[in-house]
Each structure stands twice: as C-alpha cells, then as structure tokens.
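Each reported figure results from applying straightforward, stated rules to the coordinates on display, with no laboratory input. Keep in mind that this is a model prediction, so the values were computed, not measured. Neighbour counts are summed over all protein chains in view; Cβ atoms, including those assigned to glycine, are modelled from backbone coordinates with ideal geometry.
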Amino acid sequence: MSGTPALHLLDVRLFPEKGPDLSVYPFNLPLFHLTQRIAFTTAVTFFVGENGTGKSTLLKALARKCGIQIWKDEEGTRVDRNPYEDRLHRFMDIRWADGRVPGSFFDAEVYRNFALYVDQWAAADPGLLEYFGGRSLVSQSHGQSLMSFFRSRYGLRGLHLLDEPETALSPRSQIELLKLLHDNSRRAPVQFIVATHSPILLACPGARILSFDSTPVSDVAYEDTAHYRIYRDFMTDRSRFL
C-alpha cells in the first residue's frame, strides 16, 4: 500500500455547548465552540498554536474518545483543580473509516510512566526489552529512549497521537522522527495526529497543518506558521531578538 495514506479516524465533531460549565476550561474556549468539525484527510496531521489554545487538550480528548490508554500515575492534591478539564471527550463524536483501531498516546509525562512500567514488566520477562532494541528504556538517555520507543511503536497499525514529541530530542533526532513519521505513514497502515512547536517536524511532506491560533481551527501552510517564521527570522538576523 505504498503511497496510500491510512485514514483510520475520519473526523471529530465538537459539542462544547453541552458541557457541564461553560465558564471553565476547556468549555469556555471560543475555539471549540466555533470549530464544529475537524476532518482528518492526510495520514499525518499537525496541531499548531500557542500554549493554552487547546491543542493538547483536544489531543487527549481524542485519545480518551478513541479508547487509547493514557499511562499516568494518580494525580496528587492540587491547590486549584479543575474538575472539568478531562471531560471534553464526553462532548464530542468521532467517525472511523472502518471501525475502531488500536493506537497510542505520547507525551513526556505519559512516556516516563510507561517506561517505568516496562522496566517493571521486564524484571519478570527480560525478553520484553527486545521489542525496544534490547535495552531498558529507563537506563538510556532520554532522547535515545524516546527514539527507541518511536521506532518500535510507530510501525504498528493504528492511530498514534503525539503531544510535543520534540521534547528532549536534539535537532538531529527530530529529523530522524520526521523521517519515521513520513516513511511509516506512506508504507504502513498508520495515522498520526501530532501537536508540536517544532518547525522540523512540521516540514513533513504531505502533512496537513491545522492552526489553533485562528478561530475556528483552520489550515495553514508550512511557511506561514509562526514557528517557521520565528526560526527563519532569528537565524537570518538574531540581533533583532536581543
């Protein structure tokens, strides 16, 4: 199926107006009220936007709605806990192309918990580590550990959601992840939805970039993203920023 994009998840429809409290996050974001539907038309889709625009919140809501495990420890006591921040998935509908598929969710905190679980399992079954290149994910450097995980996981059929995977990756490793996303999305039945600030990852050929800085969410060309322009301008004349 080389060159044929794998579209497992076709779209998501949002109904935040039915939420429990429209005065609190994320149900108070105009972006979600004015973005009634997001269609997924390419095997790699990027969410871009400033912090707080809702891209990571939507990504996690998609994971919950799709039945994808989010590995995390129980949260400790918080001074100002928002009881509604994890409920967006209850007020959305998704549409599969051909039924639900397995998948994965990545962010740095989730990954650390996952790596510790793997290490615990490997104590009883050392052969498990062969799946991750034969070494404990915990004992490797953070960047090496991430790439070991990405290489083992993202060749598998399914829907893979990534929240700022560039965390702890050098530019060279980001390029390696870029190639992995591009190559696997072309030759394997996998679909990626990625929230990122990395202009390196955003350069993925054929990917669709959705901006959360506009309301409603809308397409943006690579060269028109703030990420590309800021890095370009800084490299061209960094004295302007000092």
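Just a few scattered comments:
- Of residues in the range 203-216 being in contact with a Leu (Cβ under 9 Å, 6 or more places away or on another chain) and not in a loop (DSSP other than H, G, I, E, B), the one surrounded by the most Cβ atoms within 10 Å (Cβ to Cβ): I209
- In the set (1) crowded, with 16+ Cβ neighbours inside 10 Å; (2) over 15 Å from the mean Cα position of the chain (by Cα), Q174 fails one condition alone, (2).
Each row is one residue, and each column tells you yes or no for (1) touching a residue at least 40 places away in the same chain (Cβ under 8 Å); (2) more than 20 Å from P205 (Cβ to Cβ); (3) touching a Pro at 6+ places or on another chain (Cβ under 7 Å); (4) among the basic types (K, R).
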site	(1), (2), (3), (4)
L7	yes, no, no, no
L10	yes, yes, no, no
R13	yes, yes, no, yes
P20	yes, yes, no, no
Q36	yes, yes, no, no
T42	yes, no, yes, no
E50	yes, yes, no, no
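- The set of residues in the range 37-68 being in contact with a strand residue (DSSP E or B) (Cβ under 8 Å, 6 or more places away or on another chain), surrounded by 13 or more Cβ atoms within 10 Å (Cβ to Cβ), polar (S, T, N, Q) and in a loop (DSSP other than H, G, I, E, B) consists of T42 alone.
- Pairs where the first residue, in the range 52-73, is in contact (Cβ under 8 Å) with a residue 24 or more places away in the chain and under 14 Å from L159 (Cβ atoms) and the second is among the basic types (K, R) and not in a loop (DSSP other than H, G, I, E, B), C-beta under 9 Å, 6+ apart: A61/R90; R64/R90; K65/R90; I70/K60; I70/R64
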